[in-house]
Amino acid sequence: MSDQPHGLGDPDYAAFAWARYRRLLGWMALAAAIVVAIAIGLLEFWYGPLSWVAILAAVGGFGGTIMMAAALMGLVFMSSGTGHDEDVDTF
């Protein structure tokens, strides 16, 4: 076994992995914004004009749920993809 760091211990690979994670979150933020805009549009269509509280609740509810899921799943994929999960066994 070499002494060179691998996975997230390697600074170059860690920078690549975190950049990929941030790119994923950027795309998911765009998807969340589209979903929130569609949801607010449909809510306005069905219920009429919405108050700012209802709009903030929709943004927080729909957007927050999508972004939380994207952040957690992205971390799971990054942990698995970088070999960090396997490093836990080699204490």
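The values are calculated or read from the model by the stated rules, or taken from the named source; none is laboratory data. Please read all numbers here as calculations on a predicted model, not as lab measurements. Please note: Cβ atoms are built from the backbone with ideal geometry, for glycine as well, and neighbour counts cover all protein chains shown.
Structural remarks
- Within the range 12-19, the presence of a residue that is farther than 23 Å from residue 79 by Cα, out of contact with any helix residue (DSSP H, G or I) (no Cβ under 6 Å at 6 or more places or on another chain) and of a type in the set (Gly, Ala, Ser) is excluded.
- Where residue 75 falls short, out of the listed (1) touching a residue at least 12 places away in the same chain (Cβ under 8 Å); (2) in contact with a helix residue (DSSP H, G or I) (Cβ under 7 Å, 6 or more places away or on another chain): (2)
- Pairs with Cβ under 7 Å, 6+ apart, first in the range 36-50 and in contact (Cβ under 8 Å) with a residue 12 or more places away in the chain and surrounded by 14 or more Cβ atoms within 10 Å (Cβ to Cβ), second among the aliphatic types (A, V, I, L, M) and part of a helix (DSSP H, G or I): 36/58; 36/59; 39/58; 40/55; 40/58; 43/58
- For the range 67-91, the set of residues classified as at pLDDT below 80, surrounded by 15 or more Cβ atoms within 10 Å (Cβ to Cβ) and within 12 Å of residue 21 (Cβ to Cβ) consists of 82 only.
- The selection criterion, being touching a residue at least 24 places away in the same chain (Cβ under 8 Å) and under 30 Å from residue 81 (Cα atoms), holds for residue 24.
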